[in-house]
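Encoded as structure tokens, the structure appears first; notes follow it.
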Amino acid sequence: MLSGGPSYTRGVSRGPLLTPDVVVVGAGPVGLAIAWRCAQRGLRVVVRDPAPGSGASHVAAGMLAPVAEAYFGERELTGLLTESAARWPEFAAELEAATGVDIGYRTEGTLMVGLTADDLAEARRLWAYQQELGLPVTPLRPSQLREREPALAPRVRGGALAATDHQVDPRRLVPALRLAAERAGAVLVPEPVRNLAGVLAGVTVVAAGCGAAALTGLPVRPVKGQVLRLRAPDGGPPGFRHVIRGYADGEQVYLVPRQHGEVVVGATVEERSDVDVSAGAVLRLLRAAIELLPELAEYDLVETVAGLRPGTPDNAPILGPLPDRPNVLAATGHHRHGIVLTPVTADLITDLATGGATDDPLLAPFRPDRFHTGTGGRGVAGSEQSRKDEAWS
Ligand SMILES: Cc1cc2nc3c(=O)[nH]c(=O)nc-3n(C[C@H](O)[C@H](O)[C@H](O)COP(=O)(O)OP(=O)(O)OC[C@H]3O[C@@H](n4cnc5c(N)ncnc54)[C@H](O)[C@@H]3O)c2cc1C
């Protein structure tokens with residue numbers, strides 16, 4: 001039972017008021033997926049969160065983009081993104097089968113485009129790097145681009161297809177994960193954890209997004225992102241099917257079409273911790289979006305919103321036991337990639353929670369002790385800013 005916290009009761013079949021095997025702190029996509037997997041393995045699981053799904057996932061676009069987001073200097077992260085994206089088809093199918101919820105998983109792929117010659121030159125440098133890594137990036141001529149997406153502006157100079165970069169709708173994903181976790185036996189307690197010392201459990205998993213820093217001292221910092229949501233005026237699906245990521249007169253923007261008519265336009269990347277929406281950001285995002293896809297000017301602007309990505313000094317997640325507390329597992333710092341990384345994070349952390357492969361080579365680059373200051377690690381939060389030209393999600 002949780003000391004000083006709410007009493008924990010679960011289904012009659014397994015008995016009430018037992019100390020949970022696992023307490024998961026945070027009911028975002030990461031925490032809920034871990035809770036689901038742990039409960040599937042027969043563990044008694046409690047999830048603590050006063051506002052499930054209210055973190056970064058509420059704002060996120062839901063791009064599953066290991067290819068388009070393979071950036072210079074992030075080779076190990078790219079490997080993890082690729083591994084997790086490969087698990088997504090099965091993960092989505094299993095989740096939809098377990099819950100009956102359509103999570104908006106779509107596989108049309110991603111078009112990466114450049115509006116001007118300068119935009120295209122910049123984009124091509126990145127595509128060349130991605131191809132060097134062996135990632136599937138297929139350059140397209142303007143005519144081939146418009147065959148795939150006739151709604152693209154005639155000015156768009158060129159592009160490339162990342163056919164394996166897919167998308168899911170995070171606002172459907174999170175409720176589905178919650179339902180799946182609860183059906184598997186996990187219990188959600190709508191209260192925060194203020195101090196890990198007050199949690200009694202075999203294993204505590206800290207999956208609290210930006211909230212992890214206060215609980216653990218790990219170098220997780222908020223990285224603000226502003227996003228718009230548009231809606232096709234006739235209530236039908238948007239007039240394009242691919243995720244479109246582009247450079248438009250030096251401005252980066254992405255456009256994520258949902259089947260039910262929504263288009264997510266994002267996103268700013270700001271080293272700030274407020275969630276205010278600024279007129280300038282709305283202007284820049286809309287201008288870039290409409291330059292790439294003129295018909296968006298006719299869409300309704302239905303939402304402007306900002307969220308906080310859980311960023312880390314090296315832009316990679318923090319996964320595994322805290323250096324001085326082996327029973328506390330970190331599953332945080334997913335920054336721009338928490339949606340795509342949900343399946344692999346859930347599998348790795350569940351393995352750790354059940355005493356399985358602690359030496360999984362996938363985990364090695366992402367362990368919390370890489371930041372341990374006492375042993376010559378790389379230091380703490382804020383020591384490195386995320387590079388503006390790398391961030392899209
Ligand atoms: C603008 C924007 C666009 C994005 N686009 C993408 C994208 O296209 N693809 C992608 O993969 N990722 C994207 N992301 C990143 C993604 O949203 C995050 O990486 C992901 O949500 C992290 O998941 P999480 O469960 O760790 O944290 P969160 O989603 O932030 O959830 C954390 C949860 O923990 C709870 N919590 C916090 N503190 C406590 C506490 N003390 N006790 C109990 N509960 C607590 C919160 O209430 C919250 O419910 C985007 C993010 C933003 C902001």
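Couple of notes before you dig in:
- Leu215 passes every criterion in (1) farther than 16 Å from Ala56 by Cα; (2) within 14 Å of the ligand (Cβ to nearest atom); (3) open to solvent by 50 Å² or more (accessible area, probe 1.4 Å); (4) not in a loop (DSSP other than H, G, I, E, B) apart from (3).
- Unique match (being more than 28 Å from Asp21 (Cα to Cα) and at pLDDT below 95) among Gly104, Gly79, Gly73, Gly62: Gly73
- Residues (among the acidic types (Asp, Glu) and in a loop (DSSP other than H, G, I, E, B)) located in segment 240-260: Asp249
- Top-ranked residue of segment 17-32 - restricted to ones that are touching a strand residue (DSSP E or B) at 6+ places or on another chain (Cβ under 9 Å) and among the hydrophobic types (A, V, I, L, M, F, W, C), ranked as farthest from the ligand (Cβ to nearest atom): Val22
- Residue among Leu362, Leu341 that is away from the ligand (no atom under 16 Å from the Cβ), more than 18 Å from Val199 (Cα to Cα), touching a helix residue (DSSP H, G or I) at 6+ places or on another chain (Cβ under 9 Å) and among the hydrophobic types (A, V, I, L, M, F, W, C): Leu362
- Identity of the residue in segment 312-342, in a loop (DSSP other than H, G, I, E, B) and at pLDDT below 95, that ends up least open to solvent (accessible area, probe 1.4 Å): Pro323
- Checking the stated criteria, Val205 turns out not to satisfy the condition of being outside any strand (DSSP E or B), within 16 Å of the ligand (Cβ to nearest atom) and on the phi < 0 side of the Ramachandran plot.
- Positions within segment 285-340 being in contact with a Pro (Cβ under 7 Å, 6 or more places away or on another chain) and among the acidic types (Asp, Glu), in sequence order: Glu298, Asp300
- Within segment 46-57, tally of residues that are buried (at least 16 other Cβ atoms within 10 Å of the Cβ) and within 27 Å of Asp274 (Cβ to Cβ): 7
- Taken as a whole, segment 296-311 holds at least one residue that is closer than 27 Å to Arg178 by Cβ and more than 14 Å from the ligand (Cβ to nearest atom).
- For Val282, the stated conditions do not hold, so it cannot be described as within 18 Å of the chain's Cα centre (by Cα), over 26 Å from Phe371 (Cβ atoms) and touching a residue at least 40 places away in the same chain (Cβ under 8 Å).
- Test for Ala35: is it more than 10 Å from the ligand (Cβ to nearest atom) and either touching a Leu at 6+ places or on another chain (Cβ under 9 Å) or outside any helix (DSSP H, G or I) (or both): yes
- When Val223 is tested against the conditions (1) in contact (Cβ under 8 Å) with a residue 60 or more places away in the chain; (2) closer than 28 Å to Glu291 by Cα; (3) open to solvent by 10 Å² or more (accessible area, probe 1.4 Å); (4) of a type in the set (Val, Ile, Thr), the lone failure is (3).
- Out of Ala267, Ala248, sole residue that is of a type in the set (Gly, Ala, Ser) and either in contact with a strand residue (DSSP E or B) (Cβ under 8 Å, 6 or more places away or on another chain) or surrounded by 24 or more Cβ atoms within 10 Å (Cβ to Cβ) (or both): Ala267
- Residue selected from segment 153-181 under the condition out of contact with any strand residue (DSSP E or B) (no Cβ under 9 Å at 6 or more places or on another chain) and farther than 23 Å from His242 by Cα, by the criterion nearest to the ligand (Cβ to nearest atom): Leu177
- Neighbours by Cβ (under 7 Å, 6+ apart or cross-chain): first from segment 288-311, without any contact (Cβ under 8 Å) to a residue 12 or more places away in the chain and open to solvent by less than 10 Å² (accessible area, probe 1.4 Å); second polar (S, T, N, Q) and within 16 Å of the ligand (Cβ to nearest atom): none
For every residue, the table says whether it meets (1) open to solvent by less than 10 Å² (accessible area, probe 1.4 Å); (2) part of a loop (DSSP other than H, G, I, E, B); (3) of a type outside the set (S, T, N, Q).
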| site | (1), (2), (3) |
| --- | --- |
| Leu173 | yes, no, yes |
| Pro192 | no, yes, yes |
| Pro219 | yes, yes, yes |
| Leu228 | yes, no, yes |
| Pro238 | no, yes, yes |
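The values are calculated or read from the model by the stated rules, or taken from the named source; none is laboratory data. Just so you know, these numbers come straight off a predicted model, no measurement behind them. FYI the Cβ positions are ideal-geometry reconstructions off the backbone, even for glycines, and counts take in every protein chain you see. All accessible areas refer to the heavy atoms of the entire protein, side chains included, with ligands and DNA or RNA removed. Shrake-Rupley method; radii C 1.70, N 1.55, O 1.52, S 1.80 Å.
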